[in-house]
Every structure is written in C-alpha cells, then in structure tokens.
Amino acid sequence: MAQSINMINDLTPINEIWKIKVRIILLWEVPNYNNPNVVDSIELVLVDEKGSRIEASIRKTIMQRFSNMVKEGWCSIIVNFGLISNIGKHRVTNHSYKLNFFSRLLSEN
C-alpha cells in the first residue's frame, strides 16, 4: 500500500515516517563562522499545497547529494527526514519544528 502524502501542519517528531509534497519558496547558504568561503548548510523554506510552511536544513555532510536538486521554485515529494524543535532566536517560519534532510528525495517534479 502506498504511503499517503502528509501536510506540513501534521508533522511532529512522534511519527518517524513522513511523506510530504512541497515547493521551495526560499533558499540560502549559511557560511562557516570562521571561514565565510565555506558553506556549512543550505537552509530552505518549504510550502505545501495548503500554504503551510516549514524551515528545512541540509547539513554540510550531505549537501553535495542535494545541491543540484534544490532551487527556489523546485517541487518534490520528500521522505526520510527528521524533525527538530524550531526554537531558534531567528525563526523563519512559525512551525514548531524544523525539517532536517537525511537521505534522499522520493521524486522530482
């Protein structure tokens, strides 16, 4: 049985198996504090079909896998990600959690 698409507002860390269909509406690179020529992460704002938004992060260790696939306006189904509390001082979205890429995209549009 195929897994159904979840909405961003339904995401919580209680469940570990999520599948979301989103569009990247904002993307930026975060430079290393000590060496601004080195990128430490790629940060994104994702939106689903209902207009709900969540911030996402692609860490340096897996950036190469995703760097050619993430662009503003890009749309995809994403699986295999984690959620952490969005408690930072400079929150980009109001969502309680932030998405961390783990593995791979399911499909691209």
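The values are calculated or read from the model by the stated rules, or taken from the named source; none is laboratory data. The structure displayed is predicted, hence computed values, not measured ones. Note: ideal-geometry Cβ built from the backbone for every residue, glycine included; neighbour counts use all protein chains shown. Calculation scope for accessible area: heavy atoms of the full protein, side chains included, ligands and nucleic acids excluded. Shrake-Rupley method; radii C 1.70, N 1.55, O 1.52, S 1.80 Å.
Averaged per residue, the chain has 63 square angstrom of accessible surface, using a 1.4 angstrom probe with ligands and nucleic acids left out.
What residues of region 30-52 lie in the reach of a label at E72, counting those whose backbone N is under 20 Å from a point 7 Å from the Cα along Cα→Cβ? Once the point is set 7 Å along Cα→Cβ of E72, 30-31, 39-49, 51-52 turn out to lie under 20 Å by backbone N, inside region 30-52.
A simple spin-label model places pseudo-atoms 7 Å from Cα toward Cβ; at K19 and I87 they are separated by 3.3 nm.
Listed values for region 52-59 are Karplus-derived 3J(HN,Hα) couplings in whole Hz (6.51 cos²θ - 1.76 cosθ + 1.60, θ = phi - 60°), namely 6, 10, 8, 7, 9, 9, 10, 5, and x replaces Gly and Pro.
If I compute solvent accessible area with a 1.4 Å probe over the protein chains, what percent of it on the chain is carbon and sulfur? Using a 1.4 Å probe with all protein chains present, the chain comes out at 49 percent carbon and sulfur. Here's the list of aspartates and glutamates a cross-link from K21 could span, going by alpha-carbon distance under 16 Å and ignoring same-chain residues fewer than 8 apart: D10, D48, E49, E55, E72, E108. Remark on K19: its backbone amide H falls under 5 Å from those of N6, a criterion applied only to residues 5 or more positions apart or on other chains, H modelled at 1.01 Å from N.
Answer with a single label: of (i) 1.04; (ii) 1.67; (iii) 1.12, which was calculated as Cα Rg over 2.2 N^0.38 Å from the structure in view? Answer label, from the structure shown: (i).
In order along region 79-84, phi translates into HN-Hα couplings of 10, 6, 9, x, 10, 10 Hz, rounded to whole numbers, per the Karplus curve 6.51 cos²θ - 1.76 cosθ + 1.60 with θ = phi - 60° and x for Gly and Pro.
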